[in-house]
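Colleague: Handing you a structure now.
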Amino acid sequence: MIQGSCCCGSVKFTLAKDPSFLGICHCSRCRKLGTSEFFMVEREAFTWLSGKEFVAEYLPEQGFKYKRCFCQHCGSSLGEILSTEDKFPIAANSLDSDPELKVWFHEHLATRPSWQLVHEGAKLFDGDPYQ
């Protein structure tokens, strides 16, 4: 069982199984919102423990799919934790333990700043690999 939470502990959840993969997005939106590193999780493996009512959403601009979520108390980025899809990304920083997954891919490399590193052996995409 993998535990997850925000910084202040108001939001808590568990994952019954490991995330599908770990990816890194280099688009300006993910960098600004602190969700560049993300795990893809399955809805059926995700369980709320507490604090769903403390999660606020930042609505996406045109061209972006997911609403970005954060804790209303401490501001911790949570990824797309309120998504209703079968699989959705959560911010890697929201996990309390390490699922020990290696970075599977980097996306939006065309806009990657020099200070963000690229992991050896990861798949590389200049844009969104799903479009």
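Colleague: Would you mind calculating the relative contact order of the chain from Cα pairs under 8 angstrom and at least 6 residues apart, reporting the percent as a whole number?
Modeller: 28
Colleague: Another question, then. Mind running the shape call on region 81-131? Use the C-alpha gyration tensor, a ≥ b ≥ c as the square roots of the eigenvalues: rounded below 1.5 for a/c, prolate if a/b tops b/c, oblate otherwise. List each step's numbers first, then the result.
Modeller: Working: a/c = 1.92, a/b = 1.31, b/c = 1.46.
The shape class here is oblate.
Colleague: Same structure again: Largest first and in whole Å, what are the equivalent-ellipsoid semi-axes of the chain based on the Cα gyration tensor, each being the root of 5 times an eigenvalue?
Modeller: Working through the eigenvalues yields semi-axes of 23, 17, 13 Å.
Colleague: A further question follows. What residue among Ala56, Ala45, Ala110 shows peak mean-square fluctuation when the chain is described by a Gaussian network model with Cα springs under 10 Å?
Modeller: Ala110
Colleague: Tell me what the chain gives for mean residue ellipticity at 222 nm when only DSSP H runs of n ≥ 4 count, each as -39,500 (n - 2.57), the sum divided by the residue total, rounded to 500 deg cm²/dmol.
Modeller: So the calculated ellipticity at 222 nm is -1000 deg cm²/dmol.
Colleague: Further, regarding this structure: Springs between alpha-carbon pairs under 10 angstrom, Gaussian network model over the chain: which of Glu57, Glu120, Glu107 fluctuates most?
Modeller: Glu120
Colleague: Using the count of nearby Cβ atoms within 10 Å as a rough guide to exposure, how do Ser76, Ser83 rank from fewest to most?
Modeller: Fewest-to-most Cβ neighbours within 10 Å comes out as Ser83, Ser76.
Colleague: Would you calculate the separation in nanometres between label points at Gln72 and Glu53, each defined as 7 Å from the Cα along the Cα-to-beta-carbon direction?
Modeller: 0.9
Colleague: Less than 13 Å apart at the alpha-carbon level, and either on another chain or at least 8 residues along: which aspartates and glutamates does that give for Lys123?
Modeller: Glu107
Colleague: Give me the extension gain from Lys102 to Ser28: residue separation times 0.36 nm, minus the current Cα-Cα distance, reported in nm with one decimal.
Modeller: Gain on stretching Lys102 to Ser28: 24.4 nm.
Coordinate-derived values only; no laboratory data. For clarity, every value in this text was computed on a predicted model and none was experimentally measured. Positions of Cβ are generated from backbone atoms using ideal geometry, with glycine treated the same way; all protein chains shown enter the neighbour counts.
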